[in-house]
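The next block holds one structure in the form of C-alpha cells; read it before the comments.
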Amino acid sequence: MIFLTKAKYLFFLLLAGFFSVSTLGAAPPSWYQPPVGELRLQRDTAVTSAGHYSQTAGKIVLRPELAASKPSTLEMSFGKGTHITATTFDVGAGGRLVFRECQLNQVAISCQPGGEIHFENCAMVQVYFASSTGPEGTQTAKPYVRLKDCTLSQVTMESPTAVGVAATNCRITQSDLYGTDKDAANQRSNFGESVFSACKIFSPEFIVCTNKCCYRDCELTTDFPQDFAMYLPKPVLVLVSWQGIHPVTLPDRAGMAVFRSIDVTAVLEAAGTTKGGPALSSSPAPGKSLTEVAEMVPVNIPASQQMGSDAIAGVAVAGLSFKSRLTQVNGLLISQLSTGGEAGQVTRMSLSALPTSQSRAPSSLKFNQNVGDSMFKALNEVSKFSQLRHGGWPMGYSLEIGFEDKYVGKDGPSAAVACALLLEAAITGKKWDPAFAVTGDMNADGSVQPIGGVQAKIRGATKGDCKIVAVPVKNEVAVSDILVQQGPAPLVGITVFGIKTFDDALALADPEKPLALQNALTDFDNMRSVMMRDPRQITQLLRTPHAAQRLQALLTAAPNCYSAKYLLMYLQGRTPRTLSIGGSIEAAQNNAQAVVSAIDHDVDSNVSSLKGDELGNSLNKLRQLRPLLDARVWPYVDGLIAYGEVIRGALLNPVRSGARYTDLVSKANKAAGATKAAYDKLINDAQVREELGL
C-alpha cells in the first residue's frame with residue numbers, strides 16, 4: 001500500500017486530471033473480455049419488452065456529442081422484466097442509463113464525468129463497475145452511478161468514488177471490492193445502509209467510504225496501518241457493524257479514521273434492507289441483440305465480430321471447455337412435393353466447434369447456411385436451454401450447425417431437439433446412437449413442443465438406416481393416423497418413441513440404454529427383420545403369440561414406445577377407424593392440393609392451367625379418403641369435390657358460348673364460396689381448435 005501526505009495527495013489529484021483514473025491493485029474479473037470497437041447510440045431508447053438482451057460486439061456508448069443529431073442529452077432505459085447479459089456500457093457527459101427491476105449478468109459499466117447510471121430494484125450477477133477512463137471532472141461534473149434497493153453478487157467494483165457510486169439499501173455478496181485514497185477523502189459516503197456478505201475487500205479505504213453498513217463474513221486483505229490516511233485534514237468517523245472473518249473486529253482508530261461500532265439492525269430494518277431484494281438469476285442466457293431494438297452506429301468493430309441475425313452470442317464461462325469439437329446426430333426434415341404432398345427424409349446434422357482468435361470472447365452459435373425465421377428462433381431457445389443447463393459456454397469458439405444437404409433452404413422449428421443434442425455432445429463429449437433420429441421443437445425449459453409433418457417424417461425414417469425415431473408426445477395422434485391410413489407396416493419398419501422433455505430424447509439417443517430396454521429393442525429388431533422380408537405377411541406374423549409377447553415386453557420397458565402401443569392396439573382390434581381432425585385436414589389438402597389452390601384463382605386461370613386427368617385423379621383420391629376422415633371435415637371435402645367437378649366439366653367439355661360461360665362462372669363461384677365457408681366454419685369451431693392446439 002502506498003500512503004500519501006496531504007501535499008502529495010493534492011499533486012496526485014492534479015495528475016489525475018491529465019491521466020485516466022485507475023485503482024490501486026484493481027483487476028478486471030476473469031469473465032470480462034474488453035470489447036473491440038463501439039456502438040454509438042443515436043437517439044433516446046426505452047426497452048420495455050420483457051426478455052433477454054445481449055451485445056457482445058462492441059461496447060454501447062451513450063455520448064450526445066457522438067450522435068448525428070447532437071442532442072443535449074441521450075438516454076437508454078430498460079424496464080421491468082428485461083434481462084441483460086454479456087454487454088458493456090460506457091456513459092459519457094449528458095448520457096443517462098437507467099435500469100428498473102432488471103436482471104444483469106456479465107455486464108460491465110463505466111460512467112464518465114457528467115454521465116448518469118441508475119439502478120433501481122435490480123438483481124446483478126457478475127457485474128463489473130469500472131472506474132472512469134476520462135478526466136476527473138469538476139465539482140459539478142462527476143460520474144454518478146446510483147444504486148437503490150439492489151441485490152448484487154460476484155461483482156467487481158473499482159474505487160467507488162472513481163466509479164461514481166452512490167448506493168443505499170443494497171445487498172452485496174461474494175464480491176471483490178477495491179478502494180483508493182479518493183474513497184477515504186470523499187466527503188460523503190458511497191454506500192449507506194447496506195449489507196456486505198462474504199466479500200473480499202482489497203483496500204481499507206473502501207470501508208471508510210461506507211456509513212451505517214453491516215459487514216458479515218467479509219475479509220479485509222490488507223490491515224489498517226497506524227498512519228492510515230494521514231493526508232486527510234481531519235479525522236473521519238465511520239459508523240459500522242463489522243462481523244468479519246479478517247479482521248475479527250475493527251480497530252477503534254487507525255490514523256485519521258475513527259470506527260464506531262453500532263447495532264445497525266434498527267437502521268437496516270427502517271431502510272428495508274433486511275427485507276431482502278430482487279431474486280438473483282445465477283444462470284445467464286443469451287438474448288436478442290440490442291442492435292435490434294436501438295439505433296446505434298458501429299465504429300471500429302471487426303467484421304468477424306459483427307454477428308448479425310444469423311448468429312447467437314453465448315455467455316462466456318471461464319474454466320469450461322468443449323470436450324468434442326465435432327458432433328453428429330440424425331434429424332428429420334420434410335420437403336414439399338410438386339403434387340402438394342410432403343416427403344420426409346433423414347438428414348445427418350453436425351456441429352463443429354472451432355476456436356477463434358478472441359480466446360476470451362463469448363462463443364457464438366449459428367447455422368452454416370441461411371435458414372428461415374422459425375428455425376433461427378428455435379435455435380435461440382436451444383441456446384438458452386444449453387447455457388441454463390451448463391451455466392454458460394466455454395469462451396472463444398465459433399459453433400456452426402450444418403445439414404447434410406446444406407444447399408437446400410431450411411425453415412421450421414423441428415430441428416430444435418437435434419440441435420440441443422449436438423450442443424450437449426460438444427459440452428459433455430457423448431456420442432449418439434447412429435441408428436437414432438429425432439424431430440421436435442423445444443423451449444428454453446427443455447420441454448419438447450409439437451411440429452408438423454410427423455407422418456411424412458416417420459415414413460422417411462423407414463427408408464434410411466435408422467431404427468429408432470423420436471417425435472414429440474404432443475404429436476402422438478400422428479402415429480395413430482399412420483396406422484389408420486397405412487396399416488401396421490410403417491410402425492414395424494421403425495420403432496417410434498414419444499418424447500416430452502430433452503432428457504427423454506437424451507435417454508433414447510444414448511447408445512448405452514438400460515438392459516431391459518436394450519433387450520426388448522433387440523427382440524423387436526429381430527422380429528422386424530423377419531417381417532420386412534415380405535411386407536405382405538406382416539399382419540399374419542403380428543398375430544402370432546410370440547410377436548404380441550415381444551411387443552408387450554417393449555411397451556413395459558418403454559411406456560413411451562408408440563410402435564409397441566399402436567401395434568398392440570391393432571392386434572386387439574382397437575385401432576381408430578378415422579383420422580384425427582388434424583390428420584383429416586392435412587390428408588384432404590395433401591390429396592387435393594390442385595383443387596385447394598385453384599379455389600383462390602379465377603375460373604379462366606384454372607381452366608387454362610389445370611389438366612383434366614390430374615384433376616380427376618385428385619377427386620378420386622378425395623372420394624376414397626372421405627370415409628377415413630373425421631366427419632367434421634366432410635362438408636369441406638364435399639365442397640372441394642363439387643368445385644373440382646365444375647372445373648373438370650369445363651375441361652372435358654370446353655365452353656363455346658357466352659351463356660354457358662356465365663353459367664360456369666356462377667357455378668364455380670358458388671362452389672368456391674361454399675367450400676370456403678365450410679373451411680372457415682371448421683377451423684373456427686372451438687372443439688376443433690382445441691384439438692388442433694390453436
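The values are calculated or read from the model by the stated rules, or taken from the named source; none is laboratory data. The model shown is predicted, which means the values in this text are computed figures rather than measured ones. Every residue, glycine among them, receives a Cβ derived from its backbone with ideal geometry; neighbour counts consider all protein chains shown.
For the reader, a short list of remarks on this structure follows.
- Of the strands (runs of 3 or more DSSP E) that lie entirely inside segment 336-454, those containing 2 or more residues that are in contact with a Cys (Cβ under 9 Å, 6 or more places away or on another chain) and either of a type in the set (S, T, N, Q) or under 23 Å from residue 466 (Cβ atoms) (or both) span 342-355, 436-438.
- Just one residue in the set 57, 68, 27, 93 is in contact with a Gly (Cβ under 6 Å, 6 or more places away or on another chain) and not in a strand (DSSP E or B); that residue is 93.
- Single condition residue 378 does not satisfy, out of (1) modelled with pLDDT under 90; (2) of a type outside the set (Val, Ile, Thr); (3) surrounded by 19 or more Cβ atoms within 10 Å (Cβ to Cβ): (1)
- Any hit, segment 657-669, residues being hydrophobic (A, V, I, L, M, F, W, C), outside the structural domain of residue 450 (by TED's automatic domain parsing), surrounded by fewer than 17 Cβ atoms within 10 Å (Cβ to Cβ) and at pLDDT 80 or above: yes
- Of the residues making up segment 521-555, just one is outside any helix (DSSP H, G or I) and among the acidic types (Asp, Glu), namely 534.
- When residues in segment 207-249 are screened for being out of contact with any Ser or Thr (no Cβ under 8 Å at 6 or more places or on another chain), surrounded by 21 or more Cβ atoms within 10 Å (Cβ to Cβ) and under 17 Å from residue 194 (Cα atoms), 2 of them pass.
- Looking at 525, 504, just one residue is assigned by TED's automatic domain parsing to the domain that holds residue 471 and either of a type in the set (Phe, Trp, Tyr) or under 22 Å from residue 329 (Cβ atoms) (or both), and that residue is 504.
- Among the numbered conditions (1) under 34 Å from the mean Cα position of the chain (by Cα); (2) within 20 Å of residue 44 (Cα to Cα), the only one that residue 113 does not meet is (1).
- Filter result for residue 421 (out of contact with any Asp or Glu (no Cβ under 9 Å at 6 or more places or on another chain), within 30 Å of residue 458 (Cβ to Cβ) and either in contact (Cβ under 8 Å) with a residue 12 or more places away in the chain or buried (at least 16 other Cβ atoms within 10 Å of the Cβ) (or both)): yes
- Residue 92 passes every criterion in (1) of a type in the set (Gly, Ala, Ser); (2) farther than 15 Å from residue 289 by Cβ; (3) under 24 Å from the mean Cα position of the chain (by Cα); (4) buried (at least 19 other Cβ atoms within 10 Å of the Cβ) apart from (3).
- Qualifying positions in segment 556-601 - within 25 Å of residue 531 (Cβ to Cβ), of a type in the set (A, V, I, L, M) and part of a helix (DSSP H, G or I): 557, 564, 567, 568, 569, 571
- Among residues of segment 212-235 being aromatic (Phe, Trp, Tyr) and part of a loop (DSSP other than H, G, I, E, B), the one that is nearest to residue 246 (Cα to Cα) is 224.
- The number of residues in segment 612-633 that are surrounded by 20 or more Cβ atoms within 10 Å (Cβ to Cβ) and either polar (S, T, N, Q) or modelled with pLDDT under 75 (or both) comes to 1.
- Of the criteria (1) under 21 Å from residue 157 (Cα atoms); (2) touching a Leu at 6+ places or on another chain (Cβ under 6 Å), which one residue 32 fails: (2)
- Residue 81 meets the conditions (1) more than 23 Å from the chain's Cα centre (by Cα); (2) surrounded by fewer than 16 Cβ atoms within 10 Å (Cβ to Cβ); (3) modelled with pLDDT of 85 or more; (4) of a type outside the set (Phe, Trp, Tyr) in every case but one. The failed one is (1).
- Matching residues in segment 79-88 - criterion: being assigned to a strand (DSSP E or B) and touching a Lys or Arg at 6+ places or on another chain (Cβ under 7 Å): 88
- Any chance residue 559 is of a type outside the set (Phe, Trp, Tyr), farther than 27 Å from residue 419 by Cα and surrounded by fewer than 17 Cβ atoms within 10 Å (Cβ to Cβ): no
- Residue within segment 544-555 that is at pLDDT 90 or above, in contact with a strand residue (DSSP E or B) (Cβ under 7 Å, 6 or more places away or on another chain) and either assigned by TED's automatic domain parsing to the domain that holds residue 466 or not hydrophobic (A, V, I, L, M, F, W, C) (or both) present: no
- Sole residue being surrounded by 16 or more Cβ atoms within 10 Å (Cβ to Cβ) and assigned to a strand (DSSP E or B), chosen from 477, 469, 484, 492: 469
- Scan of segment 110-133 for residues that are surrounded by fewer than 19 Cβ atoms within 10 Å (Cβ to Cβ), modelled with pLDDT under 95 and not polar (S, T, N, Q), ordered by number: none
- Residue that is surrounded by the fewest Cβ atoms within 10 Å (Cβ to Cβ) [pool: residues in segment 424-457 that are more than 20 Å from the chain's Cα centre (by Cα) and closer than 24 Å to residue 391 by Cβ]: 429
- Listed by first and then second residue, the pairs with beta-carbon distance under 8 Å, at least 6 apart or on different chains, first residue in segment 583-611 and at pLDDT 70 or above, second of a type in the set (Phe, Trp, Tyr) and part of a helix (DSSP H, G or I), are 585/636; 588/636; 595/643; 598/643; 599/643.
- Selection of segment 255-266 for residues being crowded, with 19+ Cβ neighbours inside 10 Å and either touching a helix residue (DSSP H, G or I) at 6+ places or on another chain (Cβ under 7 Å) or not in a loop (DSSP other than H, G, I, E, B) (or both) yields 257, 259.
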